Amino acid sequence: MDKLLNEFSVGLFFWQILLFVGLLLLLRKFAWKPILDAVNEREDNIKNALEGAERAKQEMLNLQADNEKILKEARAERDALLKDAREMKDNIINQAKEEAQIQANKLMEQTKVAIQNEKAKAISDMKKQMGELSVAIAEKVVKKELSDKEKQLQLVDQLLNEVTLN
Amino acid sequence: MLKRALHILTIITLFSISNLVAQEHHEEAKHETTSHQTENHSSEHNQHGEENLSLKDKIKKDIKHHLQDTHGFHITKGIEFPLPVILWDEGLHIFSSSKFHEGNGVVESNGKYYAISHGNGHIYRTDASGKIEHNEKGFETNKKPIDFSITKNVFMIMITGLLMFLLFSGLAKSYSKNGGIAKGPGRFLEPIILYIRDDIAIPNIGEKHYKKYMPYLLTIFFFIWFLNLFGLTPLGVNVTGNIAITVALALLTYLITTFTAKKDYWKHIFWMPGVPVLLRPFLALIELLGTIIKPFALTIRLYANMFAGHVVLMSIIGLIFLYKNLVGGGLSFLLAFALSLLELLVAALQAYIFTMLSALYFGAAVEEHEHEEAH
């Protein structure tokens, strides 16, 4: 211990403290702080990059799942659309058929009415012509028969009977 | 488990080395006094002294010289860079360390005389003859000026500081230039920075508070590690094995612990919850003592490990020159080589332990006890 004290140099101690503290302060400002900051930043970057890669992977998986889902949905929609279209087509056809039926029925009805009308008209025409014809025949018959009185009366009676029968 | 084993190892080394060093010092001191008395006035004192020494004593002297902080950077025999000597002794004295090698090793400055003691390498005020008195324990009794010199260790601290600043500010800049990726020589140190953050700071201090301690932990780790590594180079510096350095470092850890401590920390020291009230004052005493022992242990652990490592390594290198034959020298060389590798590990290990324990103390200072009664 005595020897150590004898060897202890106050000046060297002074210089050591002074130089070391100076070195410490200089290095802290110009070396350790930037070095540690840079290293920390680099480590953060690496960490972030790894996390980003993991996230991207997850996102890709999600995206794939989404794609699958969308595809499935699209398929379902297509099927639904096709079904709808088929239904619509059937409906249209059925409607058209019905419409045609109705139209046809209506036409038929009109035709019937027209025929009826024409028939009635023809019948009345025929009656009229028959009347004229009858009158003409009667005239001729009458012209011929009027020479015989008895026959005349007989004819009138006969005609009258016929008319009331009709 | 590993930590405990390390602690035991450290204590064992500390004890064995301190014995050895004490003995060595005693002999050395005796030698110094005699040589001073006999050859005090010789003008070429150093060279003269060395010539009379045996090889073994020369090696011992070399090791001692190497372990000391010196004025002037000694590279090899005859090559030494002078460094400025700055003394405060009733006024400022500034001169070059090369002056100690002129004449009889005594420097005159503003009417006062100074000489370097060979005991601890410190500068003492002397008379014109450069005589240094010693007491019975072998310690110098001359007046000692406050020595603010840029010594070899201070110089190395500056170099290390500069190196660290260039290295790490370069690393910091490379991040913004290269989009968050480290480039340049600093990138080899990035894993160590991350290791200190993830395995020292966060587990010991906690996610919430670790950030404010990071600059200190990083600085202290690299500072100790780099200086330990410089100590293994042939430059022959021994900064982290110097008691003034380790005291300063441990003191900083202690101050930071004390001034950033939360209420819980003080509560657990002065009035330990969950303990019978009568026991609490005694516990407070022990805990208070503990706060001082902790930095003390930090000081001694680093000092002793580095000091001992240098002593053992240099002693074994010295053996190569003592044996002077192929077998002994070769074996010593292999041993020195193996030991150098071990010291390389120790250099990092001691830096790690100092940082780890600092983090542990900081962690205790900011710990928040949510379940008081659980103690």
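The values are calculated or read from the model by the stated rules, or taken from the named source; none is laboratory data. This structure is a prediction, so every number in the text was calculated from the model and none was measured. Positions of Cβ are generated from backbone atoms using ideal geometry, with glycine treated the same way; all protein chains shown enter the neighbour counts. Just so you know, the surface numbers come from the protein's heavy atoms only, side chains and all, with ligands and any DNA or RNA stripped out. Shrake-Rupley method; radii C 1.70, N 1.55, O 1.52, S 1.80 Å.
Going through the range B:286-314 one residue at a time, which ones are under 17 Å from B:LEU235 (Cα atoms) and open to solvent by less than 50 Å² (accessible area, probe 1.4 Å)?
Once the filter is applied, which keeps residues that are under 17 Å from B:LEU235 (Cα atoms) and open to solvent by less than 50 Å² (accessible area, probe 1.4 Å), the range B:286-314 yields B:MET306, B:PHE307, B:GLY309, B:HIS310, B:VAL311, B:LEU313.
Could you please give the count of residues in the range A:106-159 that are surrounded by 10 or more Cβ atoms within 10 Å (Cβ to Cβ) and either not in a helix (DSSP H, G or I) or not hydrophobic (A, V, I, L, M, F, W, C) (or both)?
Looking only at that region, the number is 29.
So which residues in the range B:132-147 are in a loop (DSSP other than H, G, I, E, B) and either open to solvent by less than 20 Å² (accessible area, probe 1.4 Å) or modelled with pLDDT of 80 or more (or both)?
Once the filter is applied, which keeps residues that are in a loop (DSSP other than H, G, I, E, B) and either open to solvent by less than 20 Å² (accessible area, probe 1.4 Å) or modelled with pLDDT of 80 or more (or both), the range B:132-147 yields B:ILE132, B:GLU133, B:ASN135, B:GLU136, B:GLY138, B:PHE139, B:THR141, B:ASN142, B:LYS143, B:LYS144, B:PRO145.
Restricting to the range A:32-61, name every residue that is more than 30 Å from A:GLY22 (Cβ to Cβ), among the hydrophobic types (A, V, I, L, M, F, W, C) and within 13 Å of another protein chain (Cβ to nearest Cβ).
Result: A:ILE46, A:ALA49.
Can you tell me which residues in the range A:21-30 are facing chain B (nearest Cβ under 7 Å) and closer than 20 Å to B:THR253 by Cβ?
A:LEU23, A:LEU24, A:LEU26, A:LEU27, A:ARG28
Here is a list of conditions, (1) in a helix (DSSP H, G or I); (2) open to solvent by 20 Å² or more (accessible area, probe 1.4 Å), and B:PHE354 meets all of them except one; can you say which number that is?
Here B:PHE354 clears every test but (2).
Quick check on my filter: what residues within the range B:294-336 are part of a loop (DSSP other than H, G, I, E, B) and β-branched (Val, Ile, Thr)?
Scanning the range B:294-336 gives no hits.
Just name the residue that is surrounded by the fewest Cβ atoms within 10 Å (Cβ to Cβ) out of those in the range A:1-20 that are outside any helix (DSSP H, G or I) and facing another protein chain (nearest Cβ under 7 Å).
Ranking the qualifying residues of the range A:1-20, first place goes to A:PHE8.
Give the residue that is surrounded by the most Cβ atoms within 10 Å (Cβ to Cβ), with candidates limited to residues of the range B:220-278 that are part of a loop (DSSP other than H, G, I, E, B) and within 12 Å of chain A (Cβ to nearest Cβ).
Only one residue fits best here, namely B:THR240.
Restricting the search to the range B:116-154, which residues are of a type outside the set (A, V, I, L, M) and within 7 Å of another protein chain (Cβ to nearest Cβ)?
B:ASN120, B:HIS122, B:LYS137, B:PHE139, B:ASP147, B:PHE148, B:SER149, B:THR151, B:ASN153
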